[in-house]
Amino acid sequence: MAKAKTAKAVKAAKVPETVYISEADQYLFAQGTHYDIYKKLGAHQSVEDGKKGMSFAVWAPHAASVSVIGTFNSWNETANQMEKLGPGGIYKTFIPDVGLGELYKFLIITPDGRKLYKADPFANQGRYVRELLLLRQILPILNGRTASGLKKEARRIRKKRRLQFMSVTSVPG
């Protein structure tokens with residue numbers, strides 16, 4: 001006798017759909033009346049041309065160009081350029097074989113050439129990597145330090161390094 005599938009098994013077997021940002025989506029977003037834009041912007045599991053991966057989209061109206069950088073491309077700033085969709089400033093790209101849990105940021109190049117590394121405002125989960133950075137910087141200076149000296153050094157480094165990376169996660173519903 002076959003067992004009935006559990007809700008978890010059915011949910012896990014769900015195949016991601018293609019994330020498509022239409023002209024209507026862009027129009028409603030520009031008007032400020034797109035109430036489901038969170039389903040389009042940010043990072044979402046997607047299938048394009050039969051390949052599973054992640055669809056990334058961000059609103060950067062004054063950008064000269066936008067890229068996605070992350071653990072999946074070794075933080076390569078030129079590997080995953082995004083395409084501008086229409087005049088509204090939405091950029092989108094699909095990256096195959098990227099799964100949940102990858103760290104990423106958007107790299108926005110301004111018209112005057114500055115590089116801005118931005119966290120995803122539509123991300124479902126943020127991950128702080130301060131602890132890793134602290135550990136990397138503190139380990140070489142541990143020799144001969146007191147606990148209070150180490151705490152002061154950790155506070156100094158923490159103030160200097162306020163980095164937050166966004167993590168790709170699934171969206172319920």
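Which shape class, rounded, prolate or oblate, goes with the stretch 43-109 when its Cα gyration tensor gives a ≥ b ≥ c as root eigenvalues, a/c under 1.5 marks rounded, and past that a/b bigger than b/c marks prolate? All intermediate terms of the calculation are to be shown ahead of the outcome.
Numbers: a/c = 2.17, a/b = 1.35, b/c = 1.61.
Oblate.
List the aspartates and glutamates whose alpha-carbon lies under 12 Å from that of LYS105, not counting same-chain residues fewer than 8 positions away?
Correct list for LYS105: GLU77, ASP120.
Can you work out the Karplus-derived ³J(HN,Hα) for every residue in the stretch 88-94? Use 6.51 cos²θ - 1.76 cosθ + 1.60 with θ = phi - 60°, whole Hz, and x for glycine or proline.
The phi angles translate into x, x, 8, 10, 9, 7, 10 Hz.
Excluding residues on the same chain fewer than 8 positions from LYS51, give the aspartates and glutamates whose Cα lies under 16 Å from its Cα.
Filter leaves GLU17, ASP97.
Amide H neighbours of ASN80 under 5 Å, counting only residues 5+ apart in sequence or on other chains, H built in-plane at 1.01 Å?
VAL68
Which trypsin sites (Lys or Arg not before Pro) in the stretch 23-124 sit in a loop by DSSP (not H, G, I, E or B) and have at most 14 other Cβ atoms within 10 Å of their own Cβ? Write down the numbers at each step before the final one.
Numbers: sites: LYS39, LYS40, LYS51, LYS52, LYS84, LYS92, LYS105, ARG114, LYS115, LYS118; in loops: LYS40, ARG114.
Counting only loop positions with at most 14 other Cβ atoms within 10 Å, the trypsin sites (Lys or Arg not before Pro) in the stretch 23-124 are ARG114.
Please sort by residue number the chymotrypsin sites (Phe, Trp or Tyr not before Pro) in the stretch 21-122 whose DSSP state is loop and whose Cβ has at most 16 other Cβ atoms within 10 Å. Don't skip to the answer; put the middle values down first.
Values: sites: TYR27, PHE29, TYR35, TYR38, PHE56, TRP59, PHE72, TRP75, TYR91, PHE94, TYR104, PHE106, TYR117, PHE122; in loops: TYR35, TRP75, PHE122.
Sparse-neighbourhood loop chymotrypsin sites (Phe, Trp or Tyr not before Pro): TYR35, TRP75.
When we measure straight from the Cα of LYS84, which aspartates and glutamates land under 16 angstrom away, once same-chain ones fewer than 8 places off are left out?
GLU23, ASP25
What ³J(HN,Hα) values, in whole Hz, does the Karplus curve 6.51 cos²θ - 1.76 cosθ + 1.60 give for the stretch 34-48 when θ = phi - 60°, with x put for Gly and Pro?
8, 7, 10, 5, 4, 7, 10, 8, x, 10, 9, 4, 8, 10, 9
Any read-out appearing in this document is the output of simple, stated calculations on the displayed coordinates, not a laboratory observation. Note that this is a predicted model, so its numbers are computed, not measured. Virtual Cβ from ideal backbone geometry, glycine too; neighbours counted across all protein chains shown.
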